[in-house]
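Please treat every number below as a calculation from the coordinates, not as lab data. Just so it is clear, the model here is predicted, and its values are computed rather than measured. Using ideal geometry, Cβ is built from the backbone for each residue, glycine included, and neighbour counts are taken over all protein chains shown.
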Amino acid sequence: MNIEEKFALEERDIVLREHDYRVAERPLFQVYRDMDRVLYGDGALARSVIGEPEVIVDYSLDAAASLHMQSHSLSDATLLVYGDVSAARLEAAAASLSVEDVHTLPVNSSSIRLVEDGVVQDRIAVSLDELSEDTFLYRKLVPLDVCETSAGCTVLTQLVENALDSSLPGGLAGPLRYDRFVTRSFSFNIAFIAEKYVEVSFMGHPDAGVSLEALEAAFRAALHSTLENGLPQETFDRVTSRLVGQLDSVLERDRPGYNRDLALGQLMSAAPIFTLEDQMNAVEDVRLEDVNEFLKSLLSDGREVTRLVRAER
């Protein structure tokens, strides 16, 4: 790697400015970083992607070259090709590549621990003077053990997210917004971590006259009720029908582009690749019992982090 020291230092300054920009635009940045450290423990996901300022200023060209040597290994690379290219043409192009002189130090990615095991319950209240409104944050990480394929897990996630984010029976929008006006707004998400864990996250802003403690109590009660009792058939049918319609629309509009983006997203997450057709088959195969079993699994003990963030006035 032939890079001048002056250029490398200029790039380091850009990273520092990027860090300041991201922090300045996100008052909750440090709260989320603290939650990351507790949620993932000594796992690699607890580390900051961009780094802390005191770490960034110590970046050196030699350290960057060493990291590049370890991380950019041809044996760890995946080539994704899309478009109007025949297999014969691709094979000919690949055969013409000269890789004999590539020097690599492969990293055993399977040995990297992303998440610390164990049960954690961490709940604190904090105050921020730069925050414009009170915010309730909840995240929980539990082991994944109820779905077998990546496409099946993705479909379960989509159905559960769509159901709980809605005002349908079993959803959170009814008890938290439209029935009792506990939250002014909220977001609910589910993500898979390394195909081994499920992370549930919720962020909500209290409605007028509602405390963070009251929001927390209402959220926990509504979530626990749905996880324990499952979704009713009518809700399952509605969200499944909507997902089928969305996938049918993609099938008619841009199947190659969707498969390309899907494959790229899975590769970036180091997850098994599946196609639109796999996803559509998974939707056809899923049953209400599968969804409710998945929901109940989220009641398992795991790593739970809660933050009641008050805006100082």
Checklist entry - Local charge sum around R255 (other residues, Cβ-Cβ under 13 Å, Lys/Arg +1, Asp/Glu -1)? => result -4
Item to check | Choice from L61, L144, L97 showing the highest fluctuation, given a GNM over the chain with Cα pairs closer than 10 Å | outcome: L97
Item to check | Efficiency of FRET from Cβ geometry, K6 and A194, R₀ 30 Å, rounded to 0.05 | outcome: 0.15
Item to check | Global form of the range 10-81, assessed from the alpha-carbon gyration tensor, a/c cut-off 1.5 | outcome: oblate
Next on the checklist: So I have [x] 20.2; [y] 16.2; [z] 14.5, and one of them is mean projected area of the Cα convex hull in nm² calculated from this model. Which one is it?
Outcome noted: [x]
Item to check | Point-to-point label distance, L16-L128, nm (Cα→Cβ direction, 7 Å offset) | outcome: 2.4 nm
Checklist entry - Between E52 and D237, what FRET efficiency follows from the Cβ-Cβ distance if R0 is 35 Å, with the result rounded to 0.05? => result 0.15
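Using the Cα centre as the reference, give the magnitude of the dipole from point charges on the C-beta atoms of the chain (Lys, Arg: +1; Asp, Glu: -1; all else neutral), rounded to the nearest 20 debye.
Working: 29 positive and 54 negative charges, 149 e Å.
Rounded to the nearest 20 debye, it is 720 debye.
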Checklist outcome for this item: Sparse-neighbourhood loop hits (GluC sites (Glu not before Pro), the range 115-144; DSSP loop; Cβ within 10 Å at most 13 others) -> E130, E133
Checklist entry - Any idea how far apart H72 and A271 come out in nm if each label point goes 7 Å out from Cα toward Cβ? => result 2.8 nm
Item to check | Computed label-point distance, nm, for sites S211 and A263 using a 7 Å Cα→Cβ extension | outcome: 5.6 nm
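Select from the range 117-184 those trypsin sites (Lys or Arg not before Pro) which occupy a DSSP coil region and have at most 14 other Cβ atoms within 10 Å, ordered by residue number.
R180
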Item to check | Sum of side-chain charges, T275 neighbourhood, beta-carbon under 13 Å (Lys, Arg +1; Asp, Glu -1) | outcome: -1
Checklist entry - So, in Å, what gap is there between the alpha-carbon centers of the range 188-231 and the range 7-83? => result 29 Å
Item to check | Among V15, V142, V120: highest mean-square fluctuation, GNM of the chain, C-alpha pairs under 10 Å | outcome: V15
Checklist entry - So what is the relative contact order for the chain, in percent, with contacts set as C-alpha pairs under 8 Å and at least six apart? => result 26 percent
Checklist outcome for this item: If E199, E54, E5 are placed from fewest to most neighbouring beta carbons inside 10 Å, the sequence is E54, E5, E199
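Quick check on the chain: helices-only [θ] at 222 nm, where DSSP H runs of length 4 and up contribute -39,500 (n - 2.57) each and the sum goes over total residues. Nearest 500, please. Don't skip to the answer; put the middle values down first.
Details: 11 runs with 144 residues, N = 313.
The helix contribution divided over the chain gives -14500 deg cm²/dmol.
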Checklist entry - Taking H as built 1.01 Å from N, whose amide H comes closer than 5 Å to the amide H of S166, not counting residues under 5 places away? => result L172, A173
